Amino acid sequence: MILLQTPAEASTWCQARRDEGLTLALVPTMGALHEGHLRLVERAAAENDCCVASIFVNPLQFNERSDFDAYPRDTERDARMLGERGCDMAFTGSIGDFFPGHDDPATIERLDPGPYAEGLEGAHRPGHFAGVRTIVERLFLTCRPDRAYFGQKDFQQTLVVRDLARTLGFVQIVVCPTVRETNGLAMSSRNARLDAAARAEAAIIFRALDAAREAWRNGERRRGILATVMRDVLAGGTLAVEYAAVRDPENWQADDPADRLERAQALIAARAGSVRLIDNLRLDE
Ligand code: AMP
């Protein structure tokens with residue numbers, strides 16, 4: 001596997017592969033890789049001729065400077081893991097490499113994140129999805145992949161990115177299942193900042209999602225009641241809950257709490273100390 005230091009070099013590398021008629025997959029990451037990322041890479045490598053991963057801790061999508069500063073970084077280790085799982089090329093770069101002439105992120109013009117950024121993560125992390133859409137567009141334009149692979153773990157992000165892909169018209173989005181620890185905790189680079197006790201505590205997020213799925217299986221269809229089921233579970237733990245909500249994954253904007261749902265996505269954001277965690281589960285599958 002080759003590790004390139006700038007998006008300009010990556011663009012040339014990808015162009016050469018496309019000129020050979022090869023299909024190209026992109027897996028965007030912020031590094032500090034774990035099994036969740038690596039499954040995306042494995043699938044991308046299996047379904048395409050070439051697999052490319054980006055490693056860039058994107059300052060545009062962090063709404064808290066402390067979170068950006070504390071984000072784990074280890075590019076050498078990441079590159080090794082990517083190579084072992086079938087990735088052909090990984091690239092990184094500075095903010096000025098990704099946005100020439102803009103060494104200060106504050107000067108970069110952000111894209112409108114679109115309608116799927118409304119509510120939940122969008123409400124709790126102002127500017128986050130504008131930052132995501134802006135960097136993902138840049139990554140797509142750099143690599144021009146046939147397919148790009150994203151995790152279900154960041155459910156609302158998959159909606160924002162699908163909307164972007166529709167606008168661009170050349171890339172297909174593939175969404176892959178959330179990879180979990182044995183206690184149910186969704187794998188995340190931020191989990192590295194949890195000690196053993198906090199990891200055990202954090203598993204309550206999955207238990208709450210699972211309780212909502214159980215309620216759905218028992219016939220409950222009211223959005224408000226399903227959310228209450230999750231909040232009741234979370235109330236038994238020590239996490240600071242930001243939201244525990246249920247939405248129609250195919251009708252994101254509808255937000256009438258009295259609605260009975262035909263499809264349901266349960267979503268939770270909560271903090272274990274200073275570490276912010278998110279997770280979600282489709283209830284009707
Ligand atoms: P990140 O490095 O956190 O920006 O994540 C890069 C990609 O990996 C995103 O598409 C995430 O949704 C995906 N991802 C992160 N954690 C997981 C996980 N536990 N299971 C599946 N995909 C994940």
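The values are calculated or read from the model by the stated rules, or taken from the named source; none is laboratory data. Because the structure is predicted, anything quoted here is derived from the model rather than measured. Using ideal geometry, Cβ is built from the backbone for each residue, glycine included, and neighbour counts are taken over all protein chains shown. These area figures cover heavy atoms from the full protein model, side chains too; ligands, DNA and RNA do not enter into them. Shrake-Rupley method; radii C 1.70, N 1.55, O 1.52, S 1.80 Å.
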Quiz item: When the chain is modelled as a GNM with alpha-carbon springs shorter than 10 Å, which of A117, A244, A203 fluctuates the most?
Solution: A203
Quiz prompt | Accessible area in the full protein assembly, largest first, 1.4 Å probe, for T167, T29, T182 | solution = T182, T167, T29
Practice problem: Taking the chain as the reference, fit the longest principal axis to its C-alpha atoms, fit the long axis of helix 128-143 to the helix C-alpha atoms, and give the angle between the two in degrees, 0 to 90, nearest 10. | Solution: 30 degrees
Exercise. Over the range 112-216, with every protein chain in place, what whole percent of the accessible area is carbon and sulfur at 1.4 Å, could you tell me?
Key: 49 percent
Self-check item: Tilt relative to the chain, helix 223-235 - C-alpha long axis, 0 to 90 degrees, to 10
Solution: 90 degrees
Self-check item: Nearest-20 debye value, the range 1-97 charge dipole, Cβ charges on Lys, Arg, Asp, Glu
Solution: 80 debye
Quiz item: Per residue, how much accessible area does the range 144-188 show when a 1.4 Å probe rolls over the protein heavy atoms, in square angstrom?
Solution: 40 Å²
Quiz item: Just how large is the dipole of the chain about the Cα centre, in debye to the nearest 20, putting +1 at every Lys and Arg Cβ and -1 at every Asp and Glu Cβ?
Solution: 500 debye
Practice problem: Can you tell me the 0 to 90 degree angle between the C-alpha axis of helix 204-217 and the longest principal axis of the chain, rounded to 10? | Solution: 70 degrees
Quiz item: If you take the square roots of the eigenvalues of the alpha-carbon gyration tensor of the range 2-176 and sort them as a ≥ b ≥ c, do you get rounded (a/c under 1.5), prolate (a/b over b/c) or oblate?
Solution: rounded
Quiz item: Roughly speaking, what is the centre-to-centre gap between the range 139-171 and the range 1-77 when only Cα atoms are used, to the nearest Å?
Solution: 13 Å
Practice problem: Pairs of Cα atoms under 8 Å, at least six residues apart: use those to get the relative contact order of the range 2-176, whole percent. | Solution: 28 percent
Quiz prompt | For the chain, built as a Gaussian network whose Cα springs stay under 10 Å, the top-fluctuating residue of I268, I95, I205 | solution = I95
Quiz item: Where only protein heavy atoms count, and the probe is 1.4 Å, what is the accessible area per residue for the range 189-280 in Å²?
Solution: 45 Å²
Self-check item: Leading residue at positive end of dipole, the range 189-280 (Cβ point charges), from V241, A197, A270
Solution: A197
Quiz item: On average, how much accessible surface per residue is there in the range 72-122, in Å², for a 1.4 Å probe, leaving out ligands, DNA and RNA?
Solution: 52 Å²
